[in-house]
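Right, one structure below, let's go through it.
The values are calculated or read from the model by the stated rules, or taken from the named source; none is laboratory data. Predicted, not measured: the structure shown is a model, and the values here were computed from it. Please note: Cβ atoms are built from the backbone with ideal geometry, for glycine as well, and neighbour counts cover all protein chains shown.
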Amino acid sequence: MAFTVQDFSDLIRLLEEHPEWREQLRALILPQEVLSLPEKMTQLVSAVNNLARAQAEASQRFDRVLTQFGERLTRLEELVAQQGERIARLEELVAQQAARLDKQEERLARLEELVAQQGERIARLEELVAQQGERIARLEELVAQQGERIARLEELVAQQGERLARLEELVAQQAARLDRHEERLARLEEAVAQLRETVAQLVEAVRELARTVQLHAQRLDSLEKRFAKISGFYYEVHYRERAGAYFGRLLKRTRGLHPNDLEEEVENHLTDEERAEFYLADVVVRGNWIQDGQPVFFVMEVSETVDANDVVRAIRRAELLRKAGLRAVPAVAGEDRNSEALELATDRGVLVVTDGKLENLELVEQSLSTIS
């Protein structure tokens, strides 16, 4: 009775259910010299035993195992390529092993084809194992010649295997981290898209706000100018109406005037340009100087905070009134004055009035004593 494929499948199933039979079958199939190979040939013997066990497994699973082994061998070759001279020797041995594995794969392919077509796979396997025995004998001879070099190489391969295992674990961890990063990246991309939309809306809002702020700034500038005019008008009126309160201890019959009130006094003494300049004075305070009873005119520039420009204008306009033959003294007044204004006023003998306080009064008295 012929040994059919179904019989072979049943045999494989029985071997899977009874592992101890496989050891007995292996003892019957494999030659004694193969079973007694040196420990250093363990990897090759394991490959032959895997070949025997592969007869009972599906072709798809066998291909997957070979693929995984090929991938690990490729990664091992890449690592070994990085190791300098010692790694170079390992690459050479691995290349030899790869060549032998390629031959074995070709033989396994032929063997699988024969097993699929015929029921005598065990007999052919014994023939293949016998052929492998011859090759193993040659390999033993070659290994014996290699000696210490093979030992060092085996130790290095073992170390590389450990590193490869750690690398595989690290790659698995990195793959998991990469998956998490990809998920986070996807969420981040979605958030960035939403953020871009929000930023676009915000930019438009900021532009609108900028236009509004610019409009308000223009309005504020206009209000500041109007306030400056109103403030200046207030201080002019204030010092004109309250001239007696500020100059009462210096003058008798004190009176606050508009520059235009002195039109008759300056008309025949100043040019048109000079009169126009004088009429720009803020306040003119008229009175009789308390020390000699003679008329005195304080030509005054008024600001909330007196600066050097106010001092210069007061001096220039007081000089115009002196040109018209009147005793004129420059003066500045305000809520406060800066240091530059006070320094210039002190140097030029200008009266400074701030919050009811009179400064440079002695200099003014000296100046009036020289003016006839």
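Assorted remarks:
- Checking each residue in region 264-289 for being among the acidic types (Asp, Glu) and either farther than 16 Å from Arg313 by Cβ or crowded, with 20+ Cβ neighbours inside 10 Å (or both) picks out Glu264, Glu265, Glu267, Asp272, Asp282.
- Among residues of region 328-348, those that are buried (at least 18 other Cβ atoms within 10 Å of the Cβ) and either part of a loop (DSSP other than H, G, I, E, B) or among the hydrophobic types (A, V, I, L, M, F, W, C) (or both), counted: 9
- Pairing each residue of region 294-315 that is in contact (Cβ under 8 Å) with a residue 40 or more places away in the chain with any residue that is polar (S, T, N, Q), provided the two are 6+ apart or on different chains, yields C-beta distances under 8 Å for Val296/Asn288; Glu304/Ser231; Val306/Asn338; Val306/Thr354.
- Residue in region 174-185 that is at pLDDT 75 or above, under 20 Å from Thr74 (Cα atoms) and either surrounded by 10 or more Cβ atoms within 10 Å (Cβ to Cβ) or basic (Lys, Arg) (or both) present: yes
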